[in-house]
């Protein structure tokens, strides 16, 4: 497992915008946040894989209103081509948000996953707990 840390307030994925002429574009705030994550991934030595992966995300937000699913979407989209070839390779996601954090940041843990092995419900719950503990402690394997 590899853990990446992105300093600063986590940014939710913004909805695409359209001009009067029908041209669709990504909001500037979203584009800047995705670019910052890509830059950090590159700086932290990320290399894309073509294998299935699982991710754990921990968002420390100052904001009290951050939307978890949009925070996840921004990070997964930004990681396309940097951690994996496409976010369709993500088979498992564990995510948590802390609102009112004094030191905002995002932590992302990524590891490969064997999609051929079918886990029991108990194994799923145990593994989710382990992933959460690993990302919370900042442990990298």
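Quick note: the coordinates plus some simple rules give every number you see, no bench work behind them. Here the structure is a predicted model, which is why all the values come from computation and not from measurement. Here the Cβ is made from the backbone with ideal geometry for all residues, glycine too, and neighbour counts use every protein chain on show.
Assorted remarks:
- Qualifying positions in region 49-60 - over 17 Å from residue 138 (Cα atoms) and touching a strand residue (DSSP E or B) at 6+ places or on another chain (Cβ under 6 Å): 49, 51, 52, 53
- Strands (runs of 3 or more DSSP E) (entirely within region 40-141) containing at least 2 residues that are surrounded by fewer than 18 Cβ atoms within 10 Å (Cβ to Cβ): 90-99, 105-112
- Residue count for region 9-25, restricted to those that are touching a strand residue (DSSP E or B) at 6+ places or on another chain (Cβ under 8 Å) and surrounded by 15 or more Cβ atoms within 10 Å (Cβ to Cβ): 2
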